[in-house]
Each structure stands twice: as C-alpha cells, then as structure tokens.
Amino acid sequence: MTERTTQLKADDALSREADAWVMLVASGAATRGDAKALEEWRARSAAHEAAFREASRLYRAIRIAGERMRADEVQPTGGFLERTLAAPAAMPRRQLLQGAMAASAAGIGVLFGGQSLGLWGGEQSAQFVTRKGEQKVVQLGDGARIELNTDTRLSRRPDLGERSVELFGGEVMLTVPHRGRAPAVVLAGAGRTVSNGGRIALRCRDDSVSVTCLAGAVAVQIGGVERGVLPGQQLRYDDRGFGEIASVDLEMVTAWRNGTLVFRRARVDEVIDEIGRYRDGRIVIANPSLAGRRIDGTFHMRNVDQIFDQLKSVYGTSVTHLPGGLVLLT
C-alpha cells in the first residue's frame, strides 16, 4: 500500500467520523457529555477541526437545498444538491448527510457555539438499582422474590405490606408463593399489580407499563377499575388507562433471564432502544427510514453489538463508532 493510498484512507475515515458528529448533533439527541467529547475530538489536530468544519458546511448546504426544493416543490434533478454531491467519491457522505433533511435541526446550534442540547433526566431515588448488564434478586418475605433485569430501579413499600414494592423503571419478574399473610403488590406508573400467588413479569418504560402473567393469576388496578390477567396474557397501561389484554410469546418476555434478547418482526428503533439498555454508550438512528423497518434475531446480552452486523447485512446500514461508545446508524 502506497503512502498516498494510506493517507487517502485516513482522510476518508476522518471525514466519516466528522459526518457522524454533525448528524448526531443535528439529530437533537446530543447531550452535554457528547458536546464535551466532540470538543475533545476537534482538538486532536488541525485535520480533525478542518474535517468537522467541512462536514458542517456540507450539512448546511444540503439542508438549505432541501428547504429550497420543498419550497419550490421540485425534485433534485440536476440542481444545486446534485451538483454538490455529484462525484462518486462523495456517495457515502450523501447517504449519511441527506438524512439531515428529515432529521430535526434542533441541535444544529452547537455546531456554531449554541447550547441546544437534549439532556437525560436524573435517576429516581431507589433502594435497589441495576446498572447496564447487571441483574440481581431481592427477597421480599413470606417466600416471595423479585428478580431485577438490567437498568432497573425498585424500592420496598412496607406501608403496603411486607411483599410490596414500587417499580420506577426497568424490568422485573415477581414470584409469589400461594402461602403468605398478605398479597404481593407492585406499584408502577399509574397502576397497582396485585398477586396472591404466581409469577408475573413487569416492565416500566417511558410511562408505559406492561404486566404479563406467567403462572397463577394477577389483578391490575387503576383508580377504582380492575382488570384480571391470566397465564400467557399481557396487559399494558399508562396514565390514560388500560390497553387491551393480548396473548404474548412468553419466551420473548422471559428470555432475559437466560442471558438472551429475542425479537420477532420487531421495529428497528424498538430493538435499538432495548439493546441500548445492555451496552455502554448510546446508539442514534440518523436514518429515519431505518427506524420503522422490521427485524428478527436472538442476541446474547454479552454481545449485543451483533445487531450492527445484522443491520449491515439485511439493510446495508452504515455503522459509525464514535468516542464514548456512541454509535450512529445511517
């Protein structure tokens, strides 16, 4: 390999990283931690800074061109956008940065010194917490036990009984022997789940709660309304009330206890959201058309990054790794 070829490959890699940073910021999903990592990346060398400025310029050119096309209701045939990105060598950047026309521009201010950054909320106070990739078991008394999956927050609620807890977020499995002086109670979101014996899986994410009955029977209460859930059924609810009771694949619901994640015809954005609970860093989907596509797969928790190879194979997805565990999918 010649010195010239080596330099061209290095420049191309630098450009791809710069494009990925621009898309991350433009997506509106960047955090202050990302901003700090970006500053450090730009400060590595004059070449890094130049690559970032060029990617920012190209992003702005494409965004402006896209706005003009929408305003004029014309297609990009031979116009400014096509001339800007006409060279074959620019094709990877075209695939990456054209997504900017569909992505939110809320975060673009940081490219030029602004402070438009999304922030992750603080963690709620909880007695029992599992970090990414961690699981634990809590004994509740009278033989009841609750298993916490990764990224879960839970506290005891002795005011409701010895076998009562509150789930702030995450995923648990509750096992309740039929013996016991009082039922087991799980508060989560707007509802209360009550069991006098059996096994229940509960998941609380983004103010939505799902209750799956694995054995026995369970009652779910919101206000003065109660719904019963039988084995093999799942009930979802949120602040607006109950959803429909549906039959579910129990293998998928409980796969995490065996160290795997199982997906069947699942949306890519939902898969990425779930996988993000098991790995350090974040995954950002910068290509809006990718989010709603469907995928099947079984992934081991210790190697969830297998999803990237599958997305490359099935959809030709471009995967760019950035410092701090950030991954951009385009």
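The values are calculated or read from the model by the stated rules, or taken from the named source; none is laboratory data. Not measured: the values here are computed from a predicted model. Note that we place each Cβ from the backbone using ideal geometry, even for glycine, and neighbour counts take in every protein chain shown. Accessible surface is based on the protein model in full, side chains and every heavy atom, while ligands, DNA and RNA are left aside. Shrake-Rupley method; radii C 1.70, N 1.55, O 1.52, S 1.80 Å.
Assorted remarks:
- Residue within the range 319-329 that is β-branched (Val, Ile, Thr), farther than 26 Å from THR152 by Cβ and at pLDDT below 95 present: yes
- ARG192 satisfies every condition listed in (1) open to solvent by 60 Å² or more (accessible area, probe 1.4 Å); (2) touching a residue at least 40 places away in the same chain (Cβ under 8 Å); (3) farther than 27 Å from GLU251 by Cβ except (2).
- Scanning the range 320-330 for residues that are open to solvent by less than 50 Å² (accessible area, probe 1.4 Å) and either assigned to a helix (DSSP H, G or I) or touching a strand residue (DSSP E or B) at 6+ places or on another chain (Cβ under 6 Å) (or both), we see that the one that is nearest to GLU270 (Cα to Cα) is LEU329.
- VAL284 open to solvent by less than 20 Å² (accessible area, probe 1.4 Å), within 24 Å of LYS136 (Cα to Cα) and touching a helix residue (DSSP H, G or I) at 6+ places or on another chain (Cβ under 7 Å): no
- Residue identified as crowded, with 20+ Cβ neighbours inside 10 Å, farther than 15 Å from VAL253 by Cα, touching a residue at least 12 places away in the same chain (Cβ under 8 Å) and under 29 Å from the mean Cα position of the chain (by Cα) among VAL186, VAL211: VAL186
Residue-by-condition table, conditions (1) surrounded by 16 or more Cβ atoms within 10 Å (Cβ to Cβ); (2) assigned to a strand (DSSP E or B):
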site	(1), (2)
GLN234	yes, yes
GLU244	no, yes
ARG257	no, no
PHE263	yes, yes
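- Take the conditions (1) open to solvent by 40 Å² or more (accessible area, probe 1.4 Å); (2) of a type in the set (D, E, K, R); (3) at pLDDT below 95; ARG203 misses just one of them, which is (3).
- Of all residues in the range 289-319, those satisfying the criterion of being among the β-branched types (Val, Ile, Thr) and within 13 Å of VAL268 (Cβ to Cβ) are ILE295, ILE307, VAL314, THR317, VAL319.
- Residues satisfying the stated conditions in the range 28-56, i.e. buried (at least 19 other Cβ atoms within 10 Å of the Cβ) and polar (S, T, N, Q): SER56
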